[in-house]
1. Treat every Asp and Glu Cβ in the chain as -1 and every Lys and Arg Cβ as +1, leave all other atoms uncharged, and give the resulting dipole magnitude about the Cα centre to the nearest 20 debye.
2. By how many degrees, 0 to 90 and rounded to 10, does the Cα axis of helix 100-112 deviate from the longest principal axis of the chain?
3. Can you run phi through the Karplus equation (6.51, -1.76, 1.60; θ = phi - 60°) for the range 36-44 and list ³J(HN,Hα) in whole Hz, with x for Gly and Pro?
4. Around Leu87, which amide H atoms from residues at least 5 apart in sequence, or from another chain, sit under 5 Å from its own amide H, with H modelled in the peptide plane?
5. Work out from phi, with θ = phi - 60° and the Karplus expression 6.51 cos²θ - 1.76 cosθ + 1.60, the ³J(HN,Hα) of each residue of the range 71-85, listed in order in whole Hz, and give x for Gly and Pro.
6. With springs only between Cα atoms under 10 Å apart, run a GNM on the chain and tell me which of Leu75, Leu89, Leu104 wobbles the most.
7. For Ala118, what residues show an amide H to amide H distance below 5 Å, using hydrogens built from the backbone and excluding near sequence neighbours?
8. Which value at 222 nm does the chain reach when only helices count, each DSSP H run of 4 or more adding -39,500 (n - 2.57), with the total divided by all residues and rounded to the nearest 500 deg cm²/dmol?
Amino acid sequence: VLIEEVAVEAALAARGVRILRPERLTPRQQIAAMAGCRRLIGASGAGLANLCFLPEGAEVIELRPDPVRESWLDLAAHQRGIRHRVLPLRAPLPQTEIPLALRLRQLPRRLSGRYHYACSVDLPALLSALN
């Protein structure tokens, strides 16, 4: 869980970045969205697998929590001729820094034994990476 998700999306949208929710799109819609994308920004994980549909020369900015190692993204980007930059996220955060609503959102993952930490992004660094 990215604790600044709402602020990050608002700041990106204000810069003209289109916010997508891949889980709400059909595979065909995801492919079409990526085909015209010059820059993909997203958190580490399966959603970034869509980079395989990006045009050559595109860029991926991966928001990667410190405990995560996603070498497959590095390799996939390299194979596709895509520039890949990692913006490290501070994680895991102490419970005292996580708002209650987000702790509750993490509860199903905690109960299932899956990873359930929260992370924080340096928003000025992210916005600087867009320049």
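Read-outs: derived from the displayed coordinates by stated rules, not from any lab. Bear in mind the structure is a predicted one, so any value in this text is a computation, not a measurement. Cβ placement follows ideal geometry from the backbone for every residue including glycine, while neighbour counts extend to all protein chains displayed.
1. Approximately 320 debye in magnitude.
2. Rounded to the nearest ten degrees, it is 80.
3. x, 8, 8, 9, 10, 10, x, 6, 3
4. Under 5 Å from the amide H of Leu87 lie the amide H atoms of Glu62, Leu63, Arg64, each far enough along the sequence or on another chain.
5. Rounded to whole hertz, the list is 5, 5, 5, 4, 5, 5, 5, 4, 4, 8, x, 10, 6, 10, 10.
6. Taking springs between Cα atoms under 10 Å, the residue moving most is Leu104.
7. Excluding prolines and chain starts, which carry no amide H, the hits are Leu93.
8. -11000 deg cm²/dmol
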